[in-house]
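**Q** Mind looking over this structure? Questions follow.
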Amino acid sequence: MSFYAYKDIIEAGDLVLAFISRGATKPITVTPGEVLNTRYGQFEHDLMIGMKYGSQMAGKKGYGFIHLLHPTPELWTLSLPHRTQIVYTPDSSYIVQRLGVGPGSRIIEAGTGSASFTHSFARSVGDKGKVFTYEFHEVRYNEAKRELEEHGLMKNTVITHRNVCDDGFEIDNHKVDGDVVFLDLPSPWTAIPHLNKVIAEDRQVGICCFSPCIEQVEKTVKALEDDGWTSIEMVEVAGKRWEARKDMVKHVDDVVKRLKDIQDRKSQGIEKLRNVNSTAPSEVSSTESTPEPPSKKQKRDRGFNPFGKGTRIKEGDDQYEWRDVTKVESEIKSHTSYLTFAYKNPNRKV
Amino acid sequence: MSFYAYKDIIEAGDLVLAFISRGATKPITVTPGEVLNTRYGQFEHDLMIGMKYGSQMAGKKGYGFIHLLHPTPELWTLSLPHRTQIVYTPDSSYIVQRLGVGPGSRIIEAGTGSASFTHSFARSVGDKGKVFTYEFHEVRYNEAKRELEEHGLMKNTVITHRNVCDDGFEIDNHKVDGDVVFLDLPSPWTAIPHLNKVIAEDRQVGICCFSPCIEQVEKTVKALEDDGWTSIEMVEVAGKRWEARKDMVKHVDDVVKRLKDIQDRKSQGIEKLRNVNSTAPSEVSSTESTPEPPSKKQKRDRGFNPFGKGTRIKEGDDQYEWRDVTKVESEIKSHTSYLTFAYKNPNRKV
Amino acid sequence: MNTKNRTVITANQHVLIRLPSEGTKIVELRPSGVVSLGKFGSFLVDGVLGYPFGQSFEIVEGQDVKPILSLQHSSDPKDVSEEPEGDLNKEELTKMFSENNQNIIDIGSKIQKLTNDDIEELKKSGATSSIGQHIIDQMIAGHEGFDKKTLFSQQKYLRRKQQKFLRRFTVEYLGSSQMLQYYIDKDLPRVIDLSEESLGLLMTYGNVRPGGNYLLIDETGGVVLYAMLERMGGEGQVVLVHENEHVNIIALRHAGYSEEYINRMVKTIDYLQFLEPENEKINWEDKSEEELAEMKSSKREQYEKRRERATAINSVIETVQNGNFDALISVSTLHQPTLLPRILDTVGGSRPIVIYNQYKELLLETQHVLTKDKRVLAPSIFETRVRPYQTIPGRMHPLMTMRGGGGYILWGTKVIPQEGITAVGRGI
Amino acid sequence: MNTKNRTVITANQHVLIRLPSEGTKIVELRPSGVVSLGKFGSFLVDGVLGYPFGQSFEIVEGQDVKPILSLQHSSDPKDVSEEPEGDLNKEELTKMFSENNQNIIDIGSKIQKLTNDDIEELKKSGATSSIGQHIIDQMIAGHEGFDKKTLFSQQKYLRRKQQKFLRRFTVEYLGSSQMLQYYIDKDLPRVIDLSEESLGLLMTYGNVRPGGNYLLIDETGGVVLYAMLERMGGEGQVVLVHENEHVNIIALRHAGYSEEYINRMVKTIDYLQFLEPENEKINWEDKSEEELAEMKSSKREQYEKRRERATAINSVIETVQNGNFDALISVSTLHQPTLLPRILDTVGGSRPIVIYNQYKELLLETQHVLTKDKRVLAPSIFETRVRPYQTIPGRMHPLMTMRGGGGYILWGTKVIPQEGITAVGRGI
């Protein structure tokens, strides 16, 4: 298992993301003898060993299942408990694209936070690049450090316990030489002046400051301008997730038929039968109708009921006509942070 | 013609909105003897008289047409030249709904601007309500006044030439007694303190301040708080327009067939015929294909060309398979203004 | 006539109660009655009568109330010099101010020493005005990390707690926005995902105003109808088409309109009557005076009822047959592409056609049908979304989450096509 | 290997030129050559070589350039004390400052006395560094209402004029974002409405990184491929499926990659070969040394070519047959619901499936198909939109208009379903 490359077969000691359901992915370290308990059943680690990554795995009792996924920075982000602010993929993917992060990039990241973006950076810069990440909160620093070690990301990542706003970014034994800066700090403007000592002098450097409040942006823009950064632009990223659904087609002709049916039943006094347990509802007497399953026969006589009102209908049920529709999440992330981008150039031949 | 109610038949002197095409609606006053010239033809006013509102009207030469529409505040807004900032319908409709504007409301509006929102207010408050609108820019004031008079809106509208930030809202011979305030001013915070003299004392008053910049919002919020307004909330309204389109379904099987066709033609040397004027292209020799229109026979032999590449195809052409899709405008209004809402209460029994 | 008082809190009216938790409640103000707000306490109706709508109150002693400036302001409204921000425990906050949250260990509820039982105990212990405040004080005392939070996060924390325990409420006029808000909170599918901004756009594009004559399809239980009646101010008429035997306008139960008023403003017709008017008209001939004189009183009563019903049905069928409606407004789950072509002709020339749907895909299908039909000019699909901000000075940003959805609106204009006109270019 | 220099402006490379008008241009920097920027003038290539990418320049005398801080800053970059805002005509601006725009009559171009001919004349009259400035000064003089505008609108006016006439430009590294930007400006359908943020999401959800082995469908002329190669840094492989006889990767013309590099990193295969591999494999047997020795040199050459082609085709077909790709990335107008089920099995377990489309409706259909198929876990449609702001201090707001669209991305994970497993509840 590695965040740098895929492997195919699960081995003992691997980090596996057990996909239980949408919104519930549990990271586990495959350990002989252990069992994963979920509301969809129990899953023995021993049986996972030797399975292919991506396999669907049945529960111990033969029903219920999970999927065994290989970790990636994005799936890892989804599996994180919301213990702290996370830079989500719509933001992080845009920052990486816009600042041209790639193999060989040298990243300065403060603070580390949940380290989810650190994973993404480490994956992208490869073994030719480097990620310097700083966290001032001691507990979070220790957690992140342990995690980065466990995930094997120390090959190209250096984590430092530091309040960069006071103490800057310099690190003993390392020439930071950063060309991409990401600041997710309450007051990035106090950190910006410290950057001059650690950013590259022979090429353009890009920065993104990530601030939830507009007033922080104003101060950040001022600090960037004062320090010679140019092409300053602030943007917001809005990410939405849509799901495919099906919506029943209800023709007005069927409404008219139903109203006529009610009229007929009324004039024939059939309405009186409503509360009697009818075993032969009128609507199945039609020769065109398909035979009803036994469960349906038990139901209350609803007369002609073209849209199945009052009964449980599975979305997409073949007995009805449907249209494909999309539905957005019921609660959307309407704001993460403002992203302030800028560039600094040596402004001389190099 | 009236912005307060519909009429059915066009008469001389009516304001008619000539709908020429999407994005081109021309307001005309129907005047015997005059002619409307458009790129879709000439249209005689004399012939409009007696026609029904909503009619499609043919051009003088028998081809080309326009539609003759009855004015409404919304259609009027669409017909306005973009001579000044307009409060567009997504914003105005939300403000009216949120502040509960309806029959009997007493509106204070500053500035009048293009008077498009004034039209909407006047329509909504009816003859039991009143709209007091203020414009400090003399040319705009005169234009708006003339327009409101021409449109018969003076029944419930009072327009005043005034810099309300300096001189307040009081009007001789009128008790303003406003319960809905709309401020579209560069510095609403200078106007807010003047409101106390003209807003209702016996009921809740709602306000909406319309400001493009966030710094204006901060000053506005402060001024509202200082002046005892509560439940302050700022929102943005995003409006988008979508169009129904059709996208061609391109099956990979057809791609494969085309690749095979190219292979076949190559091996049979048919490719050599490419530049020769072929009168019997191979693809129409199939018995299944429908006879082609003469124009198609002339076209260059493209071999099997399932998606009609290189030819002009009308969207929705029956010879191809299509899917319904929606497309947003190529340029969207990403920002109009920030809307700051607040309420002021008498805070005593009335 | 509409007997509602829109400005002053009046007995026997349904009103909206807004709570510090941002929850909403619809209650009827019965004179001398008591309104219970659950964990927020209960209050005597008479205490709130006579104030203008929009007034906020705090429960002080027992079930008495005092007016306050707003849900966020505990003070008497006369004392407007009070700082609007951080009025709560400002001293403690300042005392405990710390520059940043470097030393905070964010492990959520573990830090909170006060158990839920403790809180329940405290709530039982007294019914004074300070009960909420008292609980909050105790919680602060029990919160180990509180003095390590930043001033801002302390305030945020207190605000959250305040929302949970303070016995405050606002009495709002039950307008259409409030009615919709109530259903959005309680039963979103009932209003088919409709948002306030979409409702506003429906009313504006529908050109709803006093004196109009509208054709309405409303499957929201009458929320859309209620909004229209609000905009019409007692003048004009709505013909409401419904798909069941009886119309469902449950939302109007709280409207405070008299039956006579509703009967005058709203005519109902089912799809069968609408689409097959000739079959559904009731053959009715008034009996002669002599015949009537001979009837028994019970028979006579029955006759009058049947007569009334026949007249009403025939009258609304005739209204539809005469057509020339000032707008068609449809908020429905029925398949519009097959429905609309059959009812379009009842709408007058140059009048708006406004169709709401929760799903853009279904309006897409509808737009294609209308574009082909030619009786609706320039139909387009509109999406409007409102994004609220936090406006705390120095901490301004859009709210981090909001409700998705809100629906889409197709708007076009009913026109009268002429046969045999050739377009130049596209024309539309 | 990739011989591109990503940090320093180097001869014989294609670069992106960004102009004050926000227009973009791709040019090749030929040593001693001259680059023409149309109305923005022309410059000597040698003058810009050796500076780091991202450097801005101003054309000073003839075709010479001097480095400047940015397109908005005329000054020498060493002089950083300069005010960043309003450096242009600050004095005049202040002199003409007026409190508000009450007296301005906004009748657009009528106010502008300088005719286009005048401007053309001015442009011809000199090639000095101050030509743009000179024109602007003349325009101000000819603008009757200028002194009645607010300071802000004066600045805005000047900025607009500046964008039109100042002879400044920035030389940027031609990265994938720049390449995409260029096509968005010049030929949006070519890149199927793809936005920069959607491209970023494609790369991230596709988990594109050094050493990966990817299956790609790319109908953007290679823009997506170019972005992948950028992320892979010369390690790994992309198998590119194409629908025509020859692959279209026109965007790579500017990439600066050697043919050898592209041949090593990118293998191409058409749909016929992909879907009917056994038929399309080329039967090939190497001729013996003796046979070869007997061949004429022209015949021998032909033989080697055919041999090379056969080896390449057979090799890529085998690669596809071996499968286990690290991702499927599809940016295509082909009907995905019928295509995807036929190619999914070539992707390895737990690897991402990432499908771009301009239209959400088409991904909707695709999602329904994939959900039924069971080989793709939890597919969802993602929409990401970036909204840029104006950041002038005191005048901060989102830009008033922006490009609509940008496309949608379906992302799911390739999984290996097991037969006969019963779900508890929904499971997925």
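FYI, it's all coordinate maths here, none of it is from the lab. It should be emphasised that the depicted structure is a prediction, and the values quoted were computed from it without experimental measurement. Positions of Cβ are backbone-derived with ideal geometry, glycine not excepted, and every protein chain shown enters the neighbour counts.
**Q** Chain A: D in µm²/s via Stokes-Einstein (Kirkwood Rh, Cα pairs, 25 °C, 0.890 mPa s)?
**A** Working: Rh = 25.0 Å.
Calculated translational D: 98 µm²/s.
**Q** Right, next: Would you grab the residues whose amide H sits under 5 Å from the one on D:K25? Only those 5+ places off in sequence or on another chain, please, with H modelled 1.01 Å from N.
**A** Close amide H contacts, sequence-distant or interchain: D:I17.
**Q** If the only charges are +1 at each Lys and Arg Cβ and -1 at each Asp and Glu Cβ, what is the size of the charge dipole of segment C:188-414 around the Cα centre, to the nearest 20 debye? Can you show the working numbers first?
**A** Details: 26 positive and 31 negative charges, 198 e Å.
Dipole of segment C:188-414, to the nearest 20 debye: 960 debye.
**Q** If you don't mind, there's one more thing I want to ask. Rounded to the nearest 0.05, what FRET efficiency is calculated for B:Q268 and D:E289 with R0 set to 35 Å and r the Cβ-Cβ distance?
**A** Details: r = 35 Å, r/R0 = 1.01.
Working from the Cβ atoms, E equals 0.50.
**Q** ³J(HN,Hα) across segment B:316-329 via Karplus (A = 6.51, B = -1.76, C = 1.60, θ = phi - 60°), whole Hz, x for Gly/Pro?
**A** x, 3, 4, 6, 10, 9, 10, 10, 6, 9, 10, 10, 7, 3
**Q** With runs of 4+ DSSP H residues as the only contributors, calculate the mean residue ellipticity of chain A at 222 nm using -39,500 (n - 2.57) per run, divided by the residue total and rounded to the nearest 500. Present the calculation step by step, with values, prior to reporting the outcome.
**A** Working: 10 runs with 85 residues, N = 350.
The helix-only estimate for chain A comes to -6500 deg cm²/dmol at 222 nm.
**Q** Here are some pairs, A:K327/B:K333; B:K52/C:K360; A:K257/B:K327; B:K7/C:K360; A:K344/D:K66; which of them have Cα atoms lying more than 27 Å apart in this structure?
**A** Working: A:K327/B:K333 24 Å; B:K52/C:K360 33 Å; A:K257/B:K327 37 Å; B:K7/C:K360 33 Å; A:K344/D:K66 17 Å.
Among A:K327/B:K333; B:K52/C:K360; A:K257/B:K327; B:K7/C:K360; A:K344/D:K66, the Cα-Cα distance tops 27 Å for B:K52/C:K360; A:K257/B:K327; B:K7/C:K360.
**Q** One decimal, nm, shortest first: give the distances between the label point of B:R312 and those of the same position in the other copies, each label point 7 Å from Cα along Cα→Cβ.
**A** 5.8
**Q** Count the DSSP beta bridges whose two residues both fall in segment D:183-414, then state the antiparallel fraction as a percent rounded to the nearest 5. Don't jump to the answer; show the numbers that get you there.
**A** Working: 13 of 33 bridges.
Here the antiparallel bridges make up roughly 40 percent for segment D:183-414.
**Q** To test your reading of the geometry: what angle, between 0 and 90 degrees and rounded to tens, separates the Cα axis of helix A:138-150 from the longest principal axis of chain A?
**A** The angle comes out at about 80 degrees.
**Q** Could the peptides B:137-145, D:264-272, A:177-185 be put in order, highest first, of the mean number of other beta-carbon atoms found within 10 Å of their residues? Please list the in-between numbers first.
**A** Numbers: B:137-145: 17.8, D:264-272: 19.8, A:177-185: 23.8.
Descending packing order for the listed peptides: A:177-185, D:264-272, B:137-145.
**Q** How large is ³J(HN,Hα) for each residue in segment A:334-342, as worked out from phi by the Karplus curve 6.51 cos²θ - 1.76 cosθ + 1.60 (θ = phi - 60°), to whole Hz, x for Gly and Pro?
**A** Rounded to whole hertz, the list is 8, 7, 10, 7, 7, 10, 9, 9, 7.
**Q** Would you grab the residues whose amide H sits under 5 Å from the one on D:S42? Only those 5+ places off in sequence or on another chain, please, with H modelled 1.01 Å from N.
**A** D:L37
**Q** So, one more: In sequence order, what are the phi-derived ³J(HN,Hα) couplings for segment A:51-62 according to the Karplus relation 6.51 cos²θ - 1.76 cosθ + 1.60 with θ = phi - 60°, rounded to whole Hz, with x for glycine and proline?
**A** 6, 7, 4, x, 5, 7, 10, 7, x, 4, 8, x
**Q** Here's something else I'd like to know. Taking amide hydrogens as modeled 1.01 Å from N in the peptide plane, which residues meet the under 5 Å criterion relative to D:Q63, leaving out close sequence neighbours?
**A** none
**Q** Another question, then. Can you compute the FRET efficiency between D:K299 and D:R253 using 1/(1 + (r/R0)^6), with r the Cβ-Cβ distance and R0 = 25 Å? Round to the nearest 0.05.
**A** Calculated transfer efficiency: 0.15.
**Q** A further question follows. May I ask which residue of chain D has the beta-carbon nearest to the axis carrying chain D onto chain C, and at what distance in whole Å?
**A** Residue plus distance in Å, as requested: D:E361, 3.
**Q** Helix B:89-98: angle to the longest alpha-carbon principal axis of chain B, degrees 0 to 90, nearest 10?
**A** 40 degrees
**Q** Turning to a different aspect of this structure: Ignore the peptide's own chain and count Cβ atoms of other chains within 10 Å of each Cβ in D:199-206; give me the average, rounded. Write down the numbers at each step before the final one.
**A** Values: counts 3, 12, 9, 2, 5, 14, 4, 1.
Averaged over the peptide's residues, the number is 6.
**Q** Moving on to the next point. Between B:E315 and B:I49, what's the calculated FRET efficiency when r is the beta-carbon distance and R0 is 35 Å? Round to 0.05. Working shown, then result.
**A** Numbers: r = 38 Å, r/R0 = 1.09.
With R0 = 35 Å, the Cβ-Cβ based efficiency is 0.40.
**Q** Something else now. What is the mean number of Cβ atoms from other protein chains located within 10 Å of the Cβ atom of each residue in peptide B:169-182, rounded to a whole number? Don't jump to the answer; show the numbers that get you there.
**A** Working: counts 0, 0, 0, 0, 0, 0, 0, 0, 0, 0, 2, 0, 0, 0.
Per residue, the average neighbour count from other chains is 0.
**Q** Another question, if that's okay. Please report, for A:V350, the nm distances (one decimal) from its label point, 7 Å out from Cα along the beta-carbon direction, to the equivalent points in the remaining copies, shortest first.
**A** 6.7
**Q** Within a Cβ distance under 14 Å of B:V16, other residues only, what is the Lys/Arg minus Asp/Glu net charge? Walk me through the numbers on the way to the answer.
**A** Details: positive: B:K7, B:K26, B:K52; negative: B:D8, B:E11, B:D14, B:E34, B:E44, B:D46, B:E150.
Computed value for this residue: -4.
**Q** Separate question: Under the definition of partner shielding as Cβ atoms of other protein chains within 10 Å of a residue Cβ, what is the mean value for peptide C:339-352?
**A** On the way: counts 5, 1, 0, 2, 1, 0, 0, 0, 1, 7, 13, 18, 6, 3.
The per-residue average across the peptide is 4.
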